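Participant: Quick one: this structure, given as structure tokens, is what I'll be asking you about.
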Amino acid sequence: MPKDRRPTLADVAKRSGMSKSAVSMILNEKPGSRLSAEAAERVKAAAEELGYRPNPAAQSLRLGKTDTIGFISDDVILTRQASGMIRGALDAAKEHGQTVLIAEASDGLATREEAIQQMLDRRVDGIILGLMRARLVEVPKVPASVPFVVANGATPDGLDGFLPDEYAAGYAMARLLVDAGHRRVGIAGKMVPAYGNPGVSVTIPLRFDGILKAFEEGGVDWEMVDVYGWNATVGYDATHDLMARHPDLTAILAANDEVAFGAYQALTKLGMRIPADVSVASFDNEVLATYQRPGLTTAHLPYEEMGRRAVEMILGLRPRGRELLDMPIVVRDSIAPPRPAPVETMGA
């Protein structure tokens, strides 16, 4: 056999002294072949010596499966959070002998429809739509025979998928501040566009509902700044405004880690120490949170777990439906008991 030619089933049959049909039954592990163990070992040894690998296209035609899962993102491939979701999907796929085909669809329904059709043309066994922001999106109809899972999002018709449990995370993070003794807390800041608009977010209002519930139970007197975006500049301005108007605040609860980075900068500019003077807590657990000094206490968004579970749902390894995933609190060094209130002295 020429060295540059890919070995075939016929080559394995010739090397092992078996028929092509017998070789096919052994290599594809067809039940009821009645071939001896010695014959099976001889065929497998010949295949290994020749470097024979089954033709995936031929196998998919025969079995009606391609062992390929389509992963379509909005802008998740271009973001810092992308690596977690994709890593989870790739790891789970590898464990179960699957290949992941990745496509980008960031410009709305039309591009999602095109990406989905491309996946269907390649006969994937299932499709995952992975979103960076947990929001409501429309997707075109997909054949019922092709499992479709939405990771970190929702659809109007309630397709299978996963969302982070933002209410529980908001409650748990606020409760951490309450249990540390804080009763005057600034919140930076409420994302106004997310309220009443599930196309922006289906989870942000739940995060704040959880926060306010815990504060209500804990007797916290809170102050909040409304904002129209979440980034470090917003965090800086919101924190500066909160501390200027309410210097008795002992903690800042940031809406996400980017906002918290701005809060760190503002507090440093004001000459305040974290957490000795003001505690800071946040959400998302971005990589940069581990490099803040002091380390930022934050709730972890389970991107990797969503990618992993989406693959498992596609493969039928977990029940189909909608699931909420835990957002564990990652405790670092940015929360401490509040500073003692200054002692008032009586005049002579």
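The values are calculated or read from the model by the stated rules, or taken from the named source; none is laboratory data. A quick note: this is a predicted structure, and the numbers were derived from the prediction, not measured. Because the Cβ atoms are built from the backbone with ideal geometry, glycine has one as well, and the counts that use them run over all protein chains shown.
Participant: Need the failing condition index for VAL100 against (1) assigned to a strand (DSSP E or B); (2) buried (at least 22 other Cβ atoms within 10 Å of the Cβ), just the number.
Facilitator: (2)
Participant: Something else: Go through the range 104-123 and give me each residue that's surrounded by fewer than 18 Cβ atoms within 10 Å (Cβ to Cβ) and among the aliphatic types (A, V, I, L, M).
Facilitator: Result: LEU109, ALA110, LEU120.
Participant: Here are some conditions: (1) under 19 Å from ALA180 (Cα atoms); (2) of a type outside the set (Phe, Trp, Tyr); (3) touching a residue at least 60 places away in the same chain (Cβ under 8 Å). ARG273 meets all but one. Which one does it not meet?
Facilitator: So ARG273 meets the others, but not (3).
Participant: Something else: Could you count how many residues in the range 269-298 are among the hydroxyl-bearing types (Ser, Thr, Tyr) and part of a loop (DSSP other than H, G, I, E, B)?
Facilitator: 1
Participant: Follow-up. For ARG15, state whether it is out of contact with any Ser or Thr (no Cβ under 9 Å at 6 or more places or on another chain), crowded, with 16+ Cβ neighbours inside 10 Å and modelled with pLDDT of 70 or more.
Facilitator: Yes, satisfied.
Participant: Now for a different question. State all residues of the range 293-334 that are within 20 Å of ILE102 (Cα to Cα) and more than 13 Å from the chain's Cα centre (by Cα); if no residue qualifies, say none.
Facilitator: Scanning the range 293-334 gives GLU312, MET313, ILE314, LEU315.
Participant: Now, a different point. Is it the case that the range 226-233 has a residue that's under 20 Å from TYR264 (Cα atoms), out of contact with any Asp or Glu (no Cβ under 7 Å at 6 or more places or on another chain) and assigned to a strand (DSSP E or B)?
Facilitator: yes
Participant: Just to be sure I understand, how many residues within the range 59-107 are of a type in the set (A, V, I, L, M) and at pLDDT below 70?
Facilitator: 6
Participant: Any residue that is under 23 Å from TYR303 (Cβ atoms), assigned to a strand (DSSP E or B) and of a type outside the set (Ser, Thr, Tyr) - is there at least one of those in the range 166-185?
Facilitator: no
Participant: Still on this structure: Can you give me the number of residues within the range 234-268 that are in a loop (DSSP other than H, G, I, E, B), crowded, with 17+ Cβ neighbours inside 10 Å and more than 26 Å from the chain's Cα centre (by Cα)?
Facilitator: Total satisfying the criteria: 2.
Participant: Sticking with this one: I'd like to know if the range 282-299 contains one or more residues that are modelled with pLDDT of 95 or more, of a type outside the set (A, V, I, L, M, F, W, C) and within 30 Å of ASP67 (Cβ to Cβ).
Facilitator: No: the range 282-299 contains no residue that is modelled with pLDDT of 95 or more, of a type outside the set (A, V, I, L, M, F, W, C) and within 30 Å of ASP67 (Cβ to Cβ).
Participant: Output the number of residues of the range 25-58 satisfying the condition of being modelled with pLDDT of 75 or more and of a type outside the set (A, V, I, L, M, F, W, C).
Facilitator: 8
Participant: Follow-up question, since we're still on this one. In the range 306-335, what residues are part of a strand (DSSP E or B) and touching a Phe, Trp or Tyr at 6+ places or on another chain (Cβ under 9 Å)?
Facilitator: Correct list: ARG322, GLU323, LEU324, LEU325.
Participant: Consider GLY126 carefully, then state whether it is under 24 Å from LYS65 (Cβ atoms) and either of a type in the set (S, T, N, Q) or buried (at least 20 other Cβ atoms within 10 Å of the Cβ) (or both).
Facilitator: So GLY126 fits the description; yes.
Participant: Quick check on my filter: what residues within the range 285-297 are in contact (Cβ under 8 Å) with a residue 60 or more places away in the chain and either surrounded by 24 or more Cβ atoms within 10 Å (Cβ to Cβ) or farther than 22 Å from GLY153 by Cβ (or both)?
Facilitator: Residues satisfying the conditions are VAL287, THR297.
Participant: Which ones in the range 136-159 are surrounded by fewer than 20 Cβ atoms within 10 Å (Cβ to Cβ) and touching a residue at least 60 places away in the same chain (Cβ under 8 Å)?
Facilitator: The answer is LEU136, GLY158.
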